[in-house]
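Notes for the one structure printed next.
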Amino acid sequence: MFKRIFLSAILIAIGVLAQAEIPSNYYTRLDGKKKETLKMAAFEVIRPHTVVTYNSLFPQQFPKTDVYPELYNGQKRWWEMYSDNVFYVNRGWSGMNREHSFPKSWWGGESNEAYTDLFHLYPSESDANMAKSNYPLGEVEDANFDNGVSKVGYAVSGQGGGASKVFEPADQYKGDFARTYFYVVTAYQDYTWKYNYMTMQGDYPTLKPWAVDLLLSWHRADPVSEKEIDRNDAIYQIQGNRNPFIDFPELAEYIWGTRMNETFYVADQGGNVTPPITGDPELTSPAEDSSLDFGEVAVGSLQTIELLIKGVNLSSALSVRVTGENRAMFTLEGVKDNQIPASKVNADEGYRLRVKYAPNAEGLHRAAITLYDGGFAAGKTFNVSLSGEAFPVPQMLPVIAVDATDVTETSYKANWIAPDQPVDYYIVYRERYLHGTLLTEELIAEENYLVIDDRRADVSETYAVQSVRLGYRSELSNPIYVAASASVGEIVSDASLRLVNVPGGVKVVCNEGDVKLSICDLSGQMIFYQRVNNGRMISLNPGAYIVRSDGFKSPMKIIVR
């Protein structure tokens with residue numbers, strides 16, 4: 001059933017995309033600017049965009065952006081830039097990840113606009129993705145991973161920004177990654193960076209000097225390819241924004257390189273961008289014949305996407321309506337009398353139209369949004385296709401967390417066993433005490449493991465895991481304890497004592513006779529203090545507790561749900 005529905009979605013998604021033309025007024029804000037003011041103008045142009053959902057990346061979006069145009073052995077295959085493996089589209093997503101080429105951990109991993117921005121999300125072979133970790137780009141001097149396309153290892157002198165290793169892509173993709181990074185540090189220049197290997201705080205230059213030198217060298221050596229042009233057009237039809245460093249390769253030189261003292265003008269750049277036509281109404285977003293894909297949603301659930309409506313010189317309200325066979329599944333929020341005021345569409349930030357998909361039956365649903373009026377010629381319309389696929393509410397089975405492996409002073413690999421059922425991703429709950437303060441994190445993982453790369457050897461911590469499908473979460477797994485120790489790699493793996501969450505409390509698993517156990521709530525009040533043996537059930541109300549015992553080398557925090 002799952003495979004059949006996947007195939008139908010793929011066949012729809014890989015339909016021929018119309019060549020997306022850049023609206024004549026899209027980049028006018030860049031005219032007459034130089035250096036930091038030019039970068040700020042680019043930020044103001046490209047930051048507003050339609051934010052897609054994580055579930056729609058596959059199978060709805062990547063088939064439009066990352067599939068080879070030619071057949072291989074008579075079949076479509078994913079265009080992935082991390083290995084030379086062949087992954088056929090009709091075989092799904094096995095062995096691949098949704099890779100943030102600009103590591104999500106650098107901004108803290110929050111699920112913000114950047115989290116699903118297709119301009120830095122690529123399909124990736126899973127082993128290369130794991131080896132790449134969150135290392136910065138760089139030139140590898142001594143590789144410990146090399147699959148012929150991706151290299152990971154120690155950086156040449158002057159690179160890496162303090163990271164232990166760097167990731168070096170193949171020569172034919174170095175320009176792709178450079179222009180991706182130029183886009184991210186421009187579109188999200190106002191973010192606070194958690195890791196500063198390549199970035200620094202502030203709107204300009206945002207990139208560290210060594211990173212500027214590296215990216216510009218790659219940008220020059222590997223010019224814009226047809227692949228990037230096609231991908232830029234495809235993403236424009238999805239998100240309503242573009243990567244200006246693909247449209248104008250010299251833009252990077254004006255901002256960081258050899259032309260920083262020159263003034264940028266769109267008309268001087270050539271290409272298919274023309275100077276603005278003053279006075280004519282124009283929509284810059286959504287792109288002509290674009291689509292809004294809600295991905296996979298459970299019946300009875302609600303998924304909302306904000307569609308960016310942005311233009312110039314509209315002289316009257318823009319009318320909007322939903323049409324199509326399944327139009328009842330899709331609704332527009334906040335649109336009075338089916339019209340959007342021209343002033344809101346003409347505003348620098350545009351207008352964000354909230355589109356809701358609330359399926360009440362299983363299956364693939366399609367409709368369309370039609371935009372018209374606004375001062376455009378009579379009969380002129382702009383259409384955005386809508387699609388979503390509804391599945392039954394999933395019955396999520398629990399995940400079993402297992403001992404951490406590959407432990408070093410600064411990292412470890414969290415592991416778990418997942419049940420045999422479709423999973424979109426996993427959430428890893430990580431908890432540790434630093435200077436007496438409890439720190440908690442929710443981290444996203446694609447596979448049944450996650451490399452934690454900021455461990456402190458002198459701090460104990462725990463992790464537990466949930467699987468997620470269509471927004472529904474499984475029960476939280478048993479916690480796994482990673483002990484602090486002076487010796488690298490020491491792990492307390494619950495061999496002598498384990499507390500397993502059960503309905504109404506916890507169950508004691510003890511392999512060495514009975515042990516003394518104390519449980520306190522977070523206020524310090526003693527809840528339980530007894531000697532216990534294997535199989536003992538301890539009733540606890542939902543909440544967080546601190547557990548002490550001879551079986552644990554340090555106090556441990558548990559969550560009862």
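Residue-by-condition table, conditions (1) open to solvent by 20 Å² or more (accessible area, probe 1.4 Å); (2) among the basic types (Lys, Arg); (3) over 25 Å from Gly162 (Cβ atoms); (4) modelled with pLDDT under 90:
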| residue | (1), (2), (3), (4) |
| --- | --- |
| Asp454 | yes, no, no, yes |
| Ala457 | yes, no, no, yes |
| Tyr463 | no, no, yes, no |
| Ser467 | no, no, yes, no |
| Arg473 | yes, yes, yes, no |
| Ser477 | no, no, yes, no |
| Ile480 | no, no, yes, no |
| Ala484 | yes, no, no, yes |
| Glu490 | yes, no, yes, yes |
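The conditions are (1) closer than 30 Å to Leu443 by Cβ; (2) open to solvent by 50 Å² or more (accessible area, probe 1.4 Å); (3) among the polar types (S, T, N, Q), and Ser411 fails exactly one of them. Which is it?
Of everything listed in (1) closer than 30 Å to Leu443 by Cβ; (2) open to solvent by 50 Å² or more (accessible area, probe 1.4 Å); (3) among the polar types (S, T, N, Q), Ser411 misses just condition (2).
Among the residues of region 364-373, are any open to solvent by 30 Å² or more (accessible area, probe 1.4 Å), modelled with pLDDT of 90 or more, part of a loop (DSSP other than H, G, I, E, B) and not acidic (Asp, Glu)?
no
Select from region 407-455 the residues that are under 20 Å from Glu125 (Cα atoms) and in contact with a Pro (Cβ under 8 Å, 6 or more places away or on another chain) and list them in ascending order.
Listed by number, the list holds a single entry, Pro422.
Across region 144-176, which residue is nearest to Val86 (Cα to Cα) among those that are without any contact (Cβ under 8 Å) to a residue 24 or more places away in the chain and hydrophobic (A, V, I, L, M, F, W, C)? Don't jump to the end; show me each part of the working.
Looking only at region 144-176, we keep the residues that are without any contact (Cβ under 8 Å) to a residue 24 or more places away in the chain, and these are 144-146, 151-157.
From the residues that got through so far, the ones that are hydrophobic (A, V, I, L, M, F, W, C) too are 145, 152, 155-156.
Working: Phe145: 19, Val152: 21, Ala155: 29, Val156: 31 Å.
Step by step, filter region 144-176, then rank; the result is Phe145.
Restricting attention to region 141-180, which residues are assigned to a strand (DSSP E or B), open to solvent by 10 Å² or more (accessible area, probe 1.4 Å) and either within 13 Å of Met198 (Cβ to Cβ) or out of contact with any strand residue (DSSP E or B) (no Cβ under 6 Å at 6 or more places or on another chain) (or both)?
Going residue by residue through region 141-180, those that are assigned to a strand (DSSP E or B) are 141-146, 151-155, 166-168.
Those left that are additionally open to solvent by 10 Å² or more (accessible area, probe 1.4 Å): 141-146, 151, 154-155, 168.
Asp146, Ala155, listed by residue number.
Please return the ranges of strands (runs of 3 or more DSSP E) entirely within region 414-458 where 2 or more residues are touching a Gly at 6+ places or on another chain (Cβ under 8 Å), of a type in the set (A, V, I, L, M) and farther than 15 Å from Arg473 by Cα.
none
With the requirement that a residue be touching an Asp or Glu at 6+ places or on another chain (Cβ under 8 Å) and surrounded by fewer than 22 Cβ atoms within 10 Å (Cβ to Cβ), what does region 374-402 give you?
Once the filter is applied, which keeps residues that are touching an Asp or Glu at 6+ places or on another chain (Cβ under 8 Å) and surrounded by fewer than 22 Cβ atoms within 10 Å (Cβ to Cβ), region 374-402 yields Phe382, Asn383, Ser385, Phe391, Pro392, Met396, Pro398.
The values are calculated or read from the model by the stated rules, or taken from the named source; none is laboratory data. This structure is a prediction, so every number in the text was calculated from the model and none was measured. With ideal geometry, Cβ positions are generated from the backbone for all residues, glycine too; neighbour counts draw on all protein chains shown. These area figures cover heavy atoms from the full protein model, side chains too; ligands, DNA and RNA do not enter into them. Shrake-Rupley method; radii C 1.70, N 1.55, O 1.52, S 1.80 Å.
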